[in-house]
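Notes for the one structure printed next.
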Amino acid sequence: MANIKLSEEKINIIKEIAKSFGNKPGEVINVLHQVQGKFGYLPAEVQEIVAHELGIPVSRVYGIVSFYSFFTMEPKGKHPIDICLGTACYVRGAEKVLDAFKRALNVEVGKCTSDGKFSLNTLRCVGACGLAPVAMVGDKVYGRLTPDLVPGIIAEYND
Amino acid sequence: MINLTIDNKAIQVPEGTTILKAARMNGIDIPTLCHFELDGMNFENKPGGCRVCVVEVKGRRNLAPACATDVMEGMEVLTHSARVINARKTVVELILSDHPNDCLQCEKNGDCELQSLTKRLGIKEIPFKGATSTYRKDSTLSVYRDMDKCVMCRRCESMCNKFMSVGALSGVNRGFQAVVAPAFEQNLGDSSCVNCGQCVQVCPVGALTLVDNISDVLKAIADPTKKVVVQTAPAVRVALGEEFGMKPGEIVTGKMAAALRRLGFDQVYDTDWSADLTIMEEGTELLGRLKKALAGEEVKLPMFTSCCPAWVTFYEKNFPDLLEYPSTAKSPQGMFGAVAKNYLAPKLGVKREDLVVVSIMPCLAKKSERAREELAVNGDSDVNYTLSTRELAHMIRQCNLNLNDMPEEDFDSPLGQSTGAAVIFGATGGVMEAALRTAYELHTGKTLPKVEFHETRGFDGVKEATIDIDGFPLKIAVVYSLANARKMMEQVRQGNPNGYHFIEVMACPGGCIGGAGQPYHHGNSEIIRKRMEAIYREDEGKPIRKSHENPEILAIYEEYYGEPCGHLSHEQLHTHYFDKSDKVEATK
């Protein structure tokens, strides 16, 4: 891999987090958890720094990032959208709702819109099955969704 | 001691032994797939993942993986009950259901552990049909990856991480998408890989194989405008016979030379010759550094050997701050190429680009070394093609020859004569011993009381000794495995607290005899031991055993190079190293 670049400020944030876990290889998941909390995602250059700080191969770090669905290498949008595909939501038409979001935003699941405003993801159950099908935008929950409600929800976030 | 029965046979084994080992110690061979061990060389892969080694343990509800279950007092183990055989077959059938059905064209045909397991279990059909995992193919100059064939045994990952500390490979993704790959699934050539190829040597199937250059060599031989010469590394002659049904440790030097001639090589030379040359250069370089150090001058010590190309790439990628420590001497392969193109070509009356230099190596990293830009002139590499021991065996068979039927022949002159010091390059500690034989006599002017240095021999991953050179205590270390080499480099970073002067490094288990281009040993470390014994037998049988007494070496200095580490040899026989590390650059 060619030499990669990252701002000194970001490098220092990662270093601090690694240090707070004693730079121990066994703390790699905790370190990644906190780093993702800071940056929203874990791009390759961030993983390189984590690997270096903990003294483990970057292939191992990537192995962990690619194994756990919680970790992501895709940046999150300003307003992350999560569509519940749990059983209750699914049988009440969540997939059609998801398709409506994909169409309205012109974006695939796991990706971010080109303006960085929205990212689209799916999850399994938010504990609001009575409102199925459910979606979340940021921390706000939207229930009893139908595809025709989707453009209105997106419009709420147009500044 | 623990008492148990395996297949109703009462046995006694030490506490902490696994069922698998207990069985093998008592002549019961439980089949395995993911498990891999190099006995006495500090390498074991034991993920307990494939479940091929499952056995029935009385009183236990589930079948137990024999490789990962320790024996217990009173245990009753059955290794071939109907339930066990059924489970074992199902496991292999499931693996086969996601495995390409192309055994006939597979590089590993005949050498594949999944193939032999299928045969052993008598599997005639695959009852499971389903999706098959596919992944893009990838290749370096040494290693070819076809992950469609991967059985996720993780042997390559263990070898790369634990034994080599290279860390290029890791299990990535999850479930059906899981694959062993470099970070970010980049190409192996862009990763921290050093092309040692040990992942290929331990892969049970055809997922990791070598890059085959046989057809390139056949083409060159068939080209009437080219003169094709060949050199053969020390470790090849003690392993090639295995490919033709000979016992491990059979020495086939003469038969190999004869076979190479019949394959159509115009001249058959010996890398052992250039190993002697390497000792002259490297030994002189060491003495030079030591003299400077004794005179109080600033000089880089310890000096490291530089014969092993995986090791060279390893320090270029991981220790760019220490590039002045290794010897600048080219490897014997590289020296041979330089001598052939510069000195031999005019002698043979051909232009350098019309002289094709082929090397036969126990190694896959040599395929990458030969392509290094600094080892070429105007794009013409000093060594044009590198074949591994296995490829040479293939080529001999392809050309309707049988090594067993070959007469004993000699190498051609003048790059063919060699000493015992050169042949031991093939085993861990050999370069060190060869260098000591020469450095001692060149420095003291006295004859060595005893040629052998037993301190440098054997299978310990790290060997240390202090050698008395006429009153000067020379502190040496010999290591194999790049994980051990890493520890040595870290010591140098800490200021060399043990005061070493000279350190030999080889990447592969036991040195080049355990190289990735050698016949597959499938984890049978006894094979590598036999090769080592053969190396020392060959040394003992040589009339000359010190590099500086090789008449052909003395002659080339007299006629061409002048003196070791002189002006011309610096130009042709020495090299330099590059910072190949991947640093993360900080921006404001």
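In whole Hz and in residue order, list the ³J(HN,Hα) couplings for the range A:71-81 that follow from phi through the Karplus curve 6.51 cos²θ - 1.76 cosθ + 1.60, θ = phi - 60°; x for Gly and Pro.
Using θ = phi - 60°, the values come out as 7, 9, 9, 9, x, 7, x, 4, 10, x, 9 Hz.
Going by average Cβ neighbours within 10 Å, how do the peptides B:190-200, B:357-367, B:42-52 rank, with the highest at the top?
Highest mean packing first, the order is B:357-367, B:190-200, B:42-52.
Mind giving me the nanometre distance, one decimal, between the label points for B:K450 and B:D468, set 7 Å out from Cα along Cα→Cβ?
1.2
Among B:R457, B:R352, which comes first, second and so on when ranked by fewest other beta-carbon atoms within 10 Å?
Fewest-to-most Cβ neighbours within 10 Å comes out as B:R352, B:R457.
Looking at chain B, send over the antiparallel percent of its DSSP beta bridges, to the nearest 5.
Antiparallel: roughly 55 percent of the beta bridges in chain B.
How high is the relative contact order of the range B:154-235, in percent, with contacts defined as C-alpha pairs under 8 Å that are six or more residues apart?
23
Taking each residue in A:52-62, count the Cβ atoms of any other chain within 10 Å of its Cβ, then average. What number comes out?
Averaged over the peptide's residues, the number is 6.
What is the calculated FRET efficiency for B:S81 to B:S215, with r their C-beta to C-beta distance and R₀ = 41 Å, to the nearest 0.05?
That pair, B:S81 with B:S215, gives E of 0.25.
Net charge near B:V13: determine it from the other residues with C-beta under 13 Å of the C-beta of B:V13, scoring Lys and Arg +1 and Asp and Glu -1.
So the surrounding residues net to 0.
Would you mind giving the mean number of other chain beta-carbons within 10 Å of the Cβ of each residue in B:571-583, as a whole number?
Shielding by partners across B:571-583 averages 1.
Using alpha carbons only, how many angstrom separate the centre of the range B:330-382 from the centre of the range A:29-75?
44
Within the range A:79-156, what percent of beta bridges assigned by DSSP are antiparallel, to the nearest 5?
Here the antiparallel bridges make up roughly 55 percent for the range A:79-156.
Let's test the formula: R0 of 35 Å, r as the Cβ-Cβ distance of B:R60 and B:M25. What FRET efficiency results, to the nearest 0.05?
It comes to 0.95.
Please tell me the relative contact order of chain B in percent, rounded to the nearest whole number, where contacts are Cα pairs under 8 Å and at least six residues apart.
In percent, rounded to a whole number, it is 16.
Taking the range A:64-159, how much of its Cα-Cα pair set, in percent, is spaced more than 18 angstrom apart?
The calculated P(r) of the range A:64-159 puts 42 percent of pairs beyond 18 Å.
Kindly put B:E558, B:E316 in sequence by how many other C-beta atoms sit within 10 Å of each C-beta, fewest to most.
The order, fewest Cβ neighbours first, is B:E558, B:E316.
So for chain A, averaging the separation of alpha carbon pairs under 8 Å that are six or more residues apart and normalising by length, what relative contact order in percent results?
19
At a 10 angstrom cut-off on C-beta neighbours, averaged per residue, how do the peptides A:42-52, B:271-281 rank from highest to lowest?
My ranking of the peptides, most packed first, is B:271-281, A:42-52.
If each residue's Cβ is checked for other Cβ atoms within 10 Å, how do B:L401, B:L63 rank with the fewest at the top?
The order, fewest Cβ neighbours first, is B:L401, B:L63.
HN-Hα J couplings of the range B:56-68 from phi, Karplus 6.51/-1.76/1.60, θ = phi - 60°, integer Hz, Gly and Pro as x?
So the J values, rounded to whole Hz, are 9, 10, 4, x, 9, 5, 9, 5, 10, x, 5, 6, 10.
Which distance in nm do the two modelled labels at B:E585 and B:Q491 give, with both placed 7 Å along the Cα-to-Cβ direction?
3.7
What is the sum of charges around A:P147, taking Lys and Arg as +1, Asp and Glu as -1, for the other residues whose C-beta is under 15 Å from the C-beta of A:P147?
Once all neighbours under 15 Å are counted, the net charge is +2.
For B:H394 and B:K129 in one chain, what is 0.36 nm times their gap in residues minus the Cα-Cα distance, to one decimal in nm?
Difference between extended and current length: 91.9 nm.
Listed highest first by mean packing, meaning other Cβ atoms within 10 Å per residue, what order do B:542-553, B:224-235 come in?
Top to bottom by mean Cβ count within 10 Å: B:224-235, B:542-553.
Let's test this: bin the Cα-Cα distances of the protein assembly as shown at 10 Å from zero up to the farthest pair and state each bin's percent.
Here the calculated profile for the protein assembly as shown is 3, 13, 20, 22, 18, 13, 7, 3, 1, 0.
Only Cα pairs within less than 10 Å get springs; with that Gaussian network setup on chain A, which residue of A:G143, A:G77, A:G130 has the largest fluctuation?
Fluctuation is largest for A:G130.
Need one number: nm distance between label points at A:K117 and B:L121, each 7 Å from Cα along Cα→Cβ, rounded to one decimal.
Simple spin-label model gives 5.6 nm for this pair.
DSSP loop (so not H, G, I, E, B), at most 15 other Cβ within 10 Å: list which chymotrypsin sites (Phe, Trp or Tyr not before Pro) in the range A:112-159 pass both filters.
Here the chymotrypsin sites (Phe, Trp or Tyr not before Pro) that fit, given the DSSP loop and packing criteria, are A:Y157.
Just so you know, all these numbers are worked out from the coordinates, no wet-lab data involved. None of these values were measured; they are calculated from a predicted model. Because the Cβ atoms are built from the backbone with ideal geometry, glycine has one as well, and the counts that use them run over all protein chains shown.
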